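The values are calculated or read from the model by the stated rules, or taken from the named source; none is laboratory data. Everything quoted here is computed from the prediction, not taken from an experiment. Cβ coordinates were reconstructed from backbone atoms using ideal geometry, including for glycine residues, and neighbour counts include every protein chain displayed.
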Amino acid sequence: MGMPALGDEIKVEATLLAPTRPRISGLDWGARELFFEREGNSARMVPLVKIRGRFHRAGWTLMAGSQVLTLDANENFQINVEQISEITRVVVLALGPRGEVETERVLVSCAPDIWRYLKDPTARTPHLLSITAGLGATFLSYSENPRNVRLQEFALTPKAGATYPLIRGVLDVGGSLYFNVLSLSHTPASLNSATFLGINGRVGYTLPLTWAGATWKVMGGWYIWTMRTAGRFYGVDLL
């Protein structure tokens with residue numbers, strides 16, 4: 001789902017959860033939409049949930065918080081609720097002609113990815129495919145018996161990785177690749193330098209819990225690791 005430009009009115013997955021019981025007689029809930037409204041002359045954009053409904057009860061007044069709701073000719077009304085969290089509570093009062101009071105509480109929920117955007121509206125929409133790349137220096141230490149090989153090497157190593165969500169926020173796949181393309185120095189000088197190559201692939205499942213303020217994930221996968229040397233005096237094949 002692409003995110004809107006600030007100030008645009010959009011339809012999103014704003015869900016009205018089951019109201020508390022007892023219900024207000026004659027009150028029916030309708031469509032929900034999420035949109036943004038500028039706060040006064042400031043640059044702050046306030047995320048609001050626009051809730052529509054119908055109230056059919058002669059002589060009664062409907063309120064949301066301290067706001068008296070205005071009914072149109074068809075007894076329809078609209079409530080604008082600031083979305084202050086992923087799930088926001090709305091309290092509605094119905095006042096009768098003899099001082100009767102009825103209360104109904106509902107919860108308005110928006111999709112988790114929309115709420116993450118609302119907390120930081122300047123953030124860019126994450127692409128489905130995430131690719132990273134880098135270049136760095138790597139220290140390598142390799143030993144081998146029975147040839148009594150002991151190699152230490154500094155090398156220039158490019159790295160790349162990619163992640164793709166199969167089910168956003170639940171299941172994803174990823175992989176990474178690295179290899180040292182240039183030996184900067186190695187000891188002993190009597191040995192030829194080595195080139196190492198590693199390829200990793202994995203599947204990750206995001207656990208439905210948050211602990212210590214972090215999201216936790218279980219991953220499993222496979223890897224390929226190999227090396228090449230001039231003359232093939234030492235080294236290993238694919239692992």
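When region 216-235 is filtered for residues that are part of a strand (DSSP E or B) and more than 19 Å from SER176 (Cα to Cα), the ones remaining, listed by number, are TRP216, ARG228, THR229. Residues that are farther than 12 Å from GLY26 by Cα and surrounded by fewer than 18 Cβ atoms within 10 Å (Cβ to Cβ) were ranked within region 49-58; the one that is modelled with the highest pLDDT is ARG52. Scanning region 59-98 for residues that are in contact (Cβ under 8 Å) with a residue 24 or more places away in the chain and closer than 15 Å to GLY30 by Cα returns ASN76, PHE77, GLN78, ILE79, ASN80, VAL81, VAL90, VAL92.
Within region 206-234, the set of residues being under 21 Å from GLY169 (Cα atoms), surrounded by fewer than 15 Cβ atoms within 10 Å (Cβ to Cβ) and of a type in the set (Ser, Thr, Tyr) comprises THR210, THR215. Among the residues of region 196-238, those identified as charged (D, E, K, R) and modelled with pLDDT of 80 or more are ARG202, LYS217, ARG228.
Can you work out which of the residues in region 151-202 that are in contact (Cβ under 8 Å) with a residue 40 or more places away in the chain and surrounded by fewer than 15 Cβ atoms within 10 Å (Cβ to Cβ) is nearest to THR138 (Cα to Cα)? Across region 151-202, the extreme among qualifying residues is LEU184.
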